[in-house]
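Asks: Before anything else, here's the structure in question.
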Amino acid sequence: MPVQKSAPAKKDARRKILIVDDHPFMREGLRGAINREPDLRVCGEAENAHQALLAVQKTAPDLVLVDITLPGKSGLELVKDLKALHPRLCILAISMHDESLYAQRMLRAGASGYITKQQPPEELIRAIRQVFRNQIYVSKEVSESVLRHFSGQAQKNRSPLEILTDREFEVFRLLAAGKSISEVAEIISLSPSTVSTYRSRILLKMNMKSNADLTVYMLENKLS
């Protein structure tokens, strides 16, 4: 009697997504929204940049969903590392911040889109699919801001924050949020003396005198 061969296992055709966020509840919500889609699935999760780099090597995702605010190395730096190591990898930035300045920096770093955590799950799925179509996803407000950025008008009204490097911007954000130099050093894995040097550069570039001035600027411009 001939032995029947078993049918080959079906290959999972769903697009793979890696979630990088340090909040377990947020990862759970994102995972649920993505896994409900018939053509998408979460292939892994990470809570910091180091774990994310390892997870990308292990799971080979089609897209990485990256939060901006991560412990240690920021999402901004992680995006740069991912694009340097995997130039064709799709990256969608996700954040609690809805200011155009954050989106512009993430797009310049190599992300293909930027969405805020306040958006409903269906908008997240739309953003993911748009990035898979090799299109940039940003909100209408951010899109208009990016266009203004390249116009003559934008150059005249340039924000003081735009002259900060990405690392200076990270230090600014933490100092303005009330963190001490030692706390900032621990969060972004730098020495206190290096953070102090960054602080001096930031105050000089922004024509300010103290951390309090940075906090006032952040609040007045709704960057917190």
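Computed from the coordinates by the stated procedures, all read-outs in this text should not be read as laboratory data. Fair warning: this is a prediction, and the values are worked out from it, not measured in the lab. Because the Cβ atoms are built from the backbone with ideal geometry, glycine has one as well, and the counts that use them run over all protein chains shown.
Asks: In whole Å, what is the distance between the alpha-carbon centres of region 177-224 and region 32-80?
Replies: 28
Asks: May I ask which of Lys11/Lys117; Lys16/Lys179; Lys58/Lys140; Lys117/Lys179; Lys58/Lys205 have a Cα-Cα span longer than 30 Å here?
Replies: From Lys11/Lys117; Lys16/Lys179; Lys58/Lys140; Lys117/Lys179; Lys58/Lys205, over 30 Å: Lys11/Lys117; Lys16/Lys179; Lys58/Lys140; Lys58/Lys205.
Asks: R0 = 35 Å: FRET efficiency of Glu122 with Asp81, Cβ-based, nearest 0.05?
Replies: Step by step, r from the Cβ atoms, then E = 0.70.
Asks: Pull up all non-local amide H partners of Leu40: gap of 5 or more, or a different chain, and H-to-H distance under 5 Å with H placed in the peptide plane.
Replies: Here the answer is Arg15, since their amide H atoms fall under 5 Å of that of Leu40.
Asks: Amide H neighbours of Ile94 under 5 Å, at least 5 residues apart or on other chains, H built in the peptide plane: list them.
Replies: Val66, Asp67, Ile68, Ile115
Asks: Using θ = phi - 60° and the Karplus curve 6.51 cos²θ - 1.76 cosθ + 1.60, what whole-Hz ³J(HN,Hα) does each residue of region 62-74 get, with Gly and Pro shown as x?
Replies: Using θ = phi - 60°, the values come out as 7, 8, 10, 9, 10, 7, 6, 8, 10, x, x, 5, 6 Hz.
Asks: Further question: Region 162-224: which trypsin sites (Lys or Arg not before Pro) are DSSP loop and have at most 14 other beta-carbon atoms within 10 angstrom?
Replies: Lys209, Lys222
Asks: Quick one: which residues, 5+ away or cross-chain, put their amide H under 5 Å from the amide H of Tyr137? H built at 1.01 Å from N.
Replies: Gly113, Tyr114
Asks: Continuing with this model, one more query. Rounded if a/c is under 1.5, else prolate if a/b is larger than b/c, else oblate: which is region 15-148, with a ≥ b ≥ c the root eigenvalues of its Cα gyration tensor?
Replies: Taking the square roots of the gyration eigenvalues as a ≥ b ≥ c, region 15-148 is rounded.
Asks: Could you check the spin-label model distance between Lys11 and Asn35? Points 7 Å from the Cα along Cα→Cβ, value in nm.
Replies: Taking the simple label geometry, Lys11 and Asn35 are separated by 2.4 nm.
Asks: If you don't mind, another one. Trypsin sites (Lys or Arg not before Pro), restricted to region 76-135: which are DSSP loop and have at most 11 other Cβ atoms within 10 Å?
Replies: Arg88, Arg133
Asks: Quick one: net charge of Phe25's neighbours, Cβ under 13 Å, K/R +1, D/E -1?
Replies: Net of charged neighbours comes to -3.
Asks: Let me ask another. Taking θ as phi - 60°, what are the ³J(HN,Hα) couplings along region 183-189 by the Karplus curve (6.51, -1.76, 1.60), each to the nearest whole Hz, with x for Gly and Pro?
Replies: With the stated coefficients, region 183-189 comes to 5, 4, 4, 5, 5, 9, 6 Hz.
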